[in-house]
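Report on the structure given below.
The values are calculated or read from the model by the stated rules, or taken from the named source; none is laboratory data. Values in this document were obtained by computation on a predicted structure and should not be read as measured data. A quick note on method: Cβ atoms are made from the backbone with ideal geometry, for glycine too, and the neighbour counts reach across all protein chains shown. Just the protein is used for accessible areas: all its heavy atoms, side chains included, with ligands, DNA and RNA removed. Shrake-Rupley method; radii C 1.70, N 1.55, O 1.52, S 1.80 Å.
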Amino acid sequence: MAALIELQHKNTTNISTSKYHNQESWQVSTWAHRAWFAGGCATVLISLAKTLFLIINNSRPWVDSMFAAFIGYVMADLATGIYHWAIDNYGSAKTSIFGSQIEAFQGHHQQPWAITTRQLANNLYIPAVAVTTAVTPINLLLNDPVLLGFVGVFAGCVMFSQLFHAWAHTPKRKLPAAVVALQDARIIVGRVQHAAHHRPPYNSNYCIVSGVWNRFLDKSKFFVALEVLFAAAIGARPRSWNDPNSDWAPYSGIH
Ligand SMILES: [Zn+2]
Ligand SMILES: [Zn+2]
């Protein structure tokens, strides 16, 4: 899942500042990262190729699959928001399976710019692992071009959400014109919108594909309602309730 975002390897409460100012070993892609990223890309391409094959071979209408693909793009943004909110607010570095990501997200709040110096496969391999393992059986078993169109675009957007996230932290002058155009058209999450996530009270703008859900989720206080519900039901207090959220404050300004 998408917003399965950063994996870093150190304790975020004791981060060495120098580690985040230069490209260090933890930001460099390994061959394992590249293999998972290639696997994720192949998996998404197989979903989309099978969608096309089934449409053409079975004379199915294009419009249904196109609409499903669009819904996949929209829902991927929501999925990244829910995942990002959960990882930001609950658990710790010791939590099973998700502990390293919880730790990495906290590190990202303290050093937001560090994401811009991570190499591509290093940044995307965790969502690529999830996409490859979850979608491969679907590709094998599913023969409906509408559902496959949804799955392919949803998975692709989830996997690349971390790249869109990195671009949202990159100064405009360093971005290709096409990326700036996509951000300005709100096709991918914009720099200004995501910057609000890194400002007090650190509890908004969690979605990182297009950001289309952010306004609705924040205005409706959707996540606040979930937090109140979880606190009442199981006594779990979200990190965003901490005042003054010192754990989330950047060490210095974001780019
Ligand atoms: Zn966050
Ligand atoms: Zn960020």
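Pick out the one residue from 247, 243 that is surrounded by fewer than 16 Cβ atoms within 10 Å (Cβ to Cβ) and either within 16 Å of ligand 2 (Cβ to nearest atom) or at pLDDT 95 or above (or both).
Of the residues listed, the single one that is surrounded by fewer than 16 Cβ atoms within 10 Å (Cβ to Cβ) and either within 16 Å of ligand 2 (Cβ to nearest atom) or at pLDDT 95 or above (or both) is 247.
Could you check the range 38-61 and list, in sequence order, the residues that are among the hydroxyl-bearing types (Ser, Thr, Tyr) and open to solvent by 80 Å² or more (accessible area, probe 1.4 Å)? Full working, then the answer.
Going residue by residue through the range 38-61, those that are among the hydroxyl-bearing types (Ser, Thr, Tyr) are 43, 47, 51, 59.
Scanning the range 38-61 gives a single hit, 59.
Name the pairs: first residue in the range 186-198 and touching a residue at least 24 places away in the same chain (Cβ under 8 Å), second residue hydroxyl-bearing (Ser, Thr, Tyr) and away from ligand 1 (no atom under 12 Å from the Cβ), Cβ to Cβ under 7 Å, at least 6 apart or on different chains?
So the pair list comes out as 186/210; 188/210; 189/210.
When the range 187-209 is examined, which residues are found to be polar (S, T, N, Q) and out of contact with any helix residue (DSSP H, G or I) (no Cβ under 6 Å at 6 or more places or on another chain)?
193
Quick check on the range 81-126: of everything there that is of a type in the set (Gly, Ala, Ser) and part of a helix (DSSP H, G or I), which residue is farthest from ligand 1 (Cβ to nearest atom)?
Among them, the one singled out is 121.
Can you pull out every residue in the range 159-201 that is within 12 Å of ligand 1 (Cβ to nearest atom), part of a loop (DSSP other than H, G, I, E, B) and open to solvent by less than 10 Å² (accessible area, probe 1.4 Å)?
Hit for the range 159-201 is 169, nothing else.
Take residue 59 and tell me if it is on the phi > 0 side of the Ramachandran plot and at pLDDT below 90.
yes
With the condition kept exactly as written, say whether any residue in the range 209-220 is under 15 Å from the mean Cα position of the chain (by Cα), in contact (Cβ under 8 Å) with a residue 24 or more places away in the chain and not in a loop (DSSP other than H, G, I, E, B).
Yes: one or more hits.
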